[in-house]
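Here, each number is a calculation from the coordinates, and none is a lab measurement. Just so you know, these numbers come straight off a predicted model, no measurement behind them. Backbone-built Cβ (ideal geometry, glycine too); neighbour counts: all protein chains shown.
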């Protein structure tokens, strides 16, 4: 079972992100479960959502305490909430920022972990560019697909088309594609570093 | 010689004789083929205004809908005396659910008829003042707001009669009830601002609102018939004296209803989409004392130390109604 | 057809396939997505003929359903928690009148303190109302139970609640197989009422019943639920044959054969329990699970049969009978009367508190060693509890309990001074 935890703030599409992750997995014939941690709904409040992926029926219902992957949609959460709590030793981290982990004071987190599984992505900017609004969730999902190899970009596109249509879908697909390629680039570079 | 139209005061009732009227102007009750929706054998008190009003209203609704009518009834006197275990006096399809939900139950029935394409089947909901103005008020407002195709009839005897004459929001000022006893500095019910259900119904903008009394039964029938020509939410508020609860003689029921109208205490009118369209004028205006003194529930206002100030306040209310609804003809007082 | 979708939407699709004629609902978290989806289906014309009524309260919702069901229309509504309580008078009225209304209860805790998260207190508060109550373990089962529910309710002329964990199931995206309209039509014939308001054949419904006959009327309601004990497995069987999967029924056993310790629960927590039990069984523990699907009627014989050979059982329930202990546990004990089997009650997950695998691992191991109290409150923060009890001992004006606890837990910022 692969467990993804997504952190963000209300209004950034955190819940939608996990839903789309689950749809992408479903499109590849896998079982997936996505659900939010239900707090009061309020724009700007910290939100957590979860996605489990497996090849057999998922029966577990508890919140994800030991994620295999983290997607952090809002860097302002980093020093407010312990987003890294329970992260597996070889876990993936995708952080929405145009800074580096070191610049954000997160060098400690990287110690003893696989550097090639940590990645940053300027998802707000990508979102703004292709969709017109700095919503980072779709770029992050695509970036995660690239980082983890969990699913193909095509599956992310299928998930996008299920949720959106017309120009909005097109914009999201463009954002996803750019994000996917960006992360792939970064991974190549860090592989050479 | 100039033509003098004969004014039959109770034209259309058995008193004067329906035979003098064209068949289609006669009372439904004069018709042998009337549905007799609420059959004899029910257990209403002698002189019950509600039984009288219900009989006329429902038979008129049945006639107007070609006998395709379903009724939802709130808990209360009408429901209890019409279905004394193990009998029922209803000859129409009838459901009693709860005290506060008759309008909602009727909404459900109307929805079922609509979804099944039974457009000719009409729905009536009925209850007393307790269920209409108090506990069922929310459901009534909801039914009005959605403009559900229901005719709601309120039989107003101005208190929770079935449970022993307790005060409702329809109880008039100064009236004695079991929970507004004639003791202390303000005997009887308080002088609040009342809860004018007909006006509240009008404020919802529903197609048709009317008030009626059991003193003008033909008028009541006409109003029911007219209401049935509309689709959507309709409301008829019928003034029905309760001899037991009011401490009145059982033979005074119709007289009390007439006095309520003639004093101006109970305005009789019709309204469509929130605007008054017709008013039943006062024929011979009466001072409120004539009405109050026939009822023991106001007895504490009279006697050795009459509460003239209270009676005057009641008179003011009647005066205000007369002004507001223009219940007198031009030049009359 | 296999879809990845939100539980609420799946339930809405299932209800739509059952061809409801009148849907009336008042919004309350966490049921809102169900009725929103149905509303859209009706408004767009996708679900027709159907009347969707936006009512002014839950009391109105059940009352409208009573009217429409009595007039012969297949009627549906949904609610949770406070909404269910608000309609209680009408809930009893519906079952007393024998109207086959189907209602989804998106299980949520009852306040005060106000809490929007999942537990079973709402449905269980109505366990004696005469409604049948089925509890879904997964969103797939929630879909399937609604289809079975309409059939069950209409055959017996008795209303039914389909209970699914609020948020945990309603708001979870997971894989469901949505049946086709043909499949559902084959399983669920049009509504043929036992009693109906019809001008062609007038009847009076809802008359008073005196002492001379009330007991008999009530007994007949009980007898109907006894009939349901047979009908529920029958319909589940038929469902399996037509739709190809195990859904519904009275109970579901999981490795109870040869189990020394059996865990009993209802709803979605069964999934987590099964994962824990699998891990323990891999270590050689003789442990199994009994899931109760039909809570009303309570399947006394089936529960007894499942437990009769075990040494001990734990009822893990998301409900609390204040002043007494477990609610489900009490019914389970009734089932095993005379067997001498040791039973423990674990109250867990109240107000949406998560039930982690780790806590269940230690709970079940303690149960095996019979080291549990008769009633355990899982993962209770004794620090916070004791602080409050101390507070109350020290001063009369100790303040609202909930606020005090939230202060202690650091959720509400402390007052100065």
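General remarks:
- The modelled label-to-label distance between residue B:230 and residue B:30, using points 7 Å beyond Cα along the C-beta direction, is 2.7 nm.
- Rg ratio for chain B: its Cα radius of gyration over 2.2 N^0.38 Å, N being its residue count, equals 0.97.
- The C-alpha atoms of chain C define a longest principal axis, and helix C:139-156 lies at about 50 degrees to it.
- Helix C:269-282 and the longest principal axis of the C-alpha atoms of chain C enclose an angle of approximately 50°.
- When both the stretch C:271-289 and the stretch C:113-137 are represented by their alpha-carbon centers, they are found 27 Å apart.
- Exposure proxy shown here: for C:127, C:296, the number of other Cβ atoms within 10 Å sets the order, fewest to most, as C:127, C:296.
- Cα gyration tensor, the stretch C:182-338 - rounded (a/c under 1.5), prolate or oblate: oblate
- Each of C:18, B:139 was scored by other Cβ atoms within 10 Å of its Cβ. Listed from fewest to most, they are C:18, B:139.
- The relative contact order of chain C, computed from alpha carbon pairs under 8 Å that lie at least 6 residues apart in sequence, is 14 percent.
- On the principal axes of its alpha carbon atoms, the stretch C:325-366 extends 34, 24, 12 Å, with the longest extent given first.
- Legend: calculated FRET efficiency, residue C:382 to residue A:28, from the Cβ-Cβ distance at R0 = 45 Å, rounded to 0.05, equals 0.45.
- Residues considered: A:104, A:21, A:87. Largest GNM mean-square fluctuation over chain A, using C-alpha springs under 10 Å, is found at A:104.
- With the biggest extent put first, the Cα atoms of the stretch A:2-192 measure 43, 38, 36 Å across the principal axes.
- Shape category assigned to the stretch C:13-132 from the gyration tensor of Cα positions, a/c cut at 1.5: oblate
- For chain B, relative contact order (Cα pairs under 8 Å, six or more residues apart, normalised by length) works out to 15 percent.
- Most fluctuating residue given options A:182, A:60, A:153, as computed from a GNM of chain A linking Cα atoms under 10 Å: A:60
- Of B:240, B:190, B:165, the one that fluctuates the most in a GNM where chain B has Cα springs shorter than 10 Å: B:190
- Of all DSSP-defined beta bridges confined to chain C, some 25% are antiparallel rather than parallel.
- Gap separating the Cα centres of the stretch B:93-134 and the stretch C:346-375, nearest whole Å: 50
- Degrees separating the helix C:7-17 axis from the principal Cα axis of chain C, which is the longest one: 20
- Relative contact order, whole percent, for the stretch C:252-377 stands at 27, derived from Cα pairs under 8 Å and 6 or more residues apart.
- Listed by Cβ neighbour count within 10 Å, with the fewest neighbours leading, C:294, C:204 appear as C:204, C:294.
- DSSP beta bridge pairing in the protein assembly as shown, given as percent antiparallel to the nearest 5: 30
- Three-way shape label, the stretch C:2-243, alpha-carbon gyration tensor, a/c 1.5: rounded
- Alpha carbon centroid spacing (whole Å) that separates the stretch B:136-152 from the stretch A:13-53: 42
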